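Only one structure is covered here, and it is reproduced in the block below.
The values are calculated or read from the model by the stated rules, or taken from the named source; none is laboratory data. The shown structure was predicted, so the numbers you read here are calculated from the model rather than taken from an experiment. Heads up, the Cβs are rebuilt from the backbone with ideal geometry, glycines too, and the neighbour counts pull from every protein chain shown. All accessible areas refer to the heavy atoms of the entire protein, side chains included, with ligands and DNA or RNA removed. Shrake-Rupley method; radii C 1.70, N 1.55, O 1.52, S 1.80 Å.
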Amino acid sequence: MSRLLLHIGHSKTGTSFLQALLRENRSVLARHGYDYPPPSWQENEEDNAEIGQGNGLVAAQTPKAMQALLLDRPRPDRGLILSSEEFFPQLATASDPERLGQLAIEAGYDKVSILLAIRDPVSHAASLWMQYVKRAGGTAPLERFFELYTVPDLVLRFLDAYDDQLNVSIKLFNYSRHKAHLTDRLADWLGLEAQDLNAPRAPRINRGLTRAETELQLALNTEIGRRGRILSDALCSALPEVTAHAAYPAKCVQAAMLDRLSPTLGRLNSRLEPDERYQDTLHEPMTLLPQNETNFLSQHQLRVVGSVLGHEIRNLLKSKVDSARETLYESLDGTVFTAENSIKGSTEPERGGQP
């Protein structure tokens with residue numbers, strides 16, 4: 001039997017570790033009859049080895065993109081493995097959920113096998129906010145994130161759409177219960193033994209930020225938005241062993257979110273195995289900068305911060321010098337043009353894109 005195997009996330013459930021594990025074991029998987037192709041858009045996978053990178057981003061976008069990939073690659077003996085967190089929202093909101101199974105059958109696969117990881121709501125909302133600050137240039141308050149959190153609703157929608165399809169099977173696990181045993185969960189899904197798989201080279205993948213790093217990142221995001229990820233990416237890649245600090249709002253905020261989600265969580269838990277059910281655990285509030293706590297960066301963290309910011313400042317200064325060296329002249333009506341504009345026949349000076 002050859003399966004189309006989709007690891008779909010969702011986000012902040014060990015996805016980066018599992019993707020690094022799959023990448024590290026590409027040859028091992030091939031010996032067992034699986035194909036885990038490299039990302040089609042990335043020339044060098046090692047560039048993001050510490051952050052993690054899946055191979056299914058393009059295929060996740062549209063049924064047409066999935067069809068093109070399935071028809072482009074030879075069908076392996078046991079299955080084609082694709083991984084991307086983008087699969088989860090795309091599949092959950094698909095207008096024609098049965099199309100996925102149809103595409104797999106048309107490409108010669110016997111069935112679709114999906115690996116879905118979920119996470120207890122409070123810790124997941126807190127982790128999503130950290131990722132939003134770390135990689136999306138976010139500055140919105142943590143409390144606002146808890147007010148808007150609706151991921152379990154999307155999980156229910158996904159299960160309603162795919163759980164009863166004959167040619168689709170779903171393997172679901174709760175990351176909150178299996179965080180220390182992700183290799184076992186992946187091996188079980190593939191029908192392998194955990195000892196068959198080599199550990200990723202990076203000891204920790206896509207870590208969160210410390211309180212000091214988070215405050216610094218928030219300040220940088222306020223000034224330059226998403227481009228501020230140059231700092232968080234550098235810190236997480238260069239110092240993966242640093243212990244991150246989760247941030248939780250007041251318990252009343254956590255409880256309000258759980259109360260709002262209660263009907264959905266009840267419906268989901270009635271369908272899940274006991275070990276995988278959502279729990280409504282409240283966490284002790286943890287602000288980023290307690291008034292009575294010293295906030296600091298280690299020597300190693302400071303070196304990374306200085307290096308990455310220094311590199312960017314140097315590039316900006318070089319760009320400014322190069323710009324000043326452009327040959328300028330004035331037309332008869334006094335308009336200033338660059339030599340490059342003149343060659344292009346432009347009647348107006350070049351304008352930069354929006355930041």
TODO: Show the residue pairs that are 6+ apart or on different chains and have beta-carbon atoms under 7 Å apart, the first residue being within region 249-269 and in contact (Cβ under 8 Å) with a residue 12 or more places away in the chain and farther than 15 Å from Tyr149 by Cα, the second being open to solvent by less than 60 Å² (accessible area, probe 1.4 Å) and part of a helix (DSSP H, G or I).
DONE: Arg267/Leu156; Leu268/Pro152; Leu268/Val155; Leu268/Leu156
Open item on the list: Can you report the number of residues in region 192-209 which are without any contact (Cβ under 8 Å) to a residue 24 or more places away in the chain and either part of a loop (DSSP other than H, G, I, E, B) or crowded, with 20+ Cβ neighbours inside 10 Å (or both)?
Closed with: 1
Task: Single unsatisfied condition, Asp333 versus (1) open to solvent by less than 80 Å² (accessible area, probe 1.4 Å); (2) modelled with pLDDT under 50 - done: (1)
Task: Cross-chain or 6+ apart pairs with Cβ under 8 Å, region 176-187 first and within 26 Å of Leu282 (Cβ to Cβ), then open to solvent by 80 Å² or more (accessible area, probe 1.4 Å) - done: Ser176/Gln279; Arg177/Asp275
Open item on the list: Against the conditions (1) assigned to a helix (DSSP H, G or I); (2) within 20 Å of Ser123 (Cα to Cα), where does Arg229 fall short? Just the number, please.
Closed with: (2)
Open item on the list: From the list Gly306, Gly310, Gly266, Gly228, exactly one residue is farther than 22 Å from Tyr132 by Cβ and modelled with pLDDT of 85 or more. Which is it?
Closed with: Gly266
Open item on the list: Being assigned to a helix (DSSP H, G or I) and in contact (Cβ under 8 Å) with a residue 24 or more places away in the chain: is that true of Val112 here?
Closed with: no
Open item on the list: Asp275 - would you say it is among the charged types (D, E, K, R), modelled with pLDDT of 85 or more and in a helix (DSSP H, G or I)?
Closed with: yes
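Residues are listed down the side, and each one gets a yes or a no for (1) out of contact with any Leu (no Cβ under 6 Å at 6 or more places or on another chain); (2) open to solvent by 60 Å² or more (accessible area, probe 1.4 Å); (3) under 18 Å from Leu156 (Cβ atoms); (4) in a loop (DSSP other than H, G, I, E, B):
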position	(1), (2), (3), (4)
Ala65	yes, no, no, no
Pro74	yes, yes, no, yes
Leu80	no, no, no, no
Pro97	yes, no, yes, yes
Gln102	yes, yes, no, no
Ile105	yes, yes, no, no
Leu116	no, no, yes, no
Ser123	yes, no, no, no
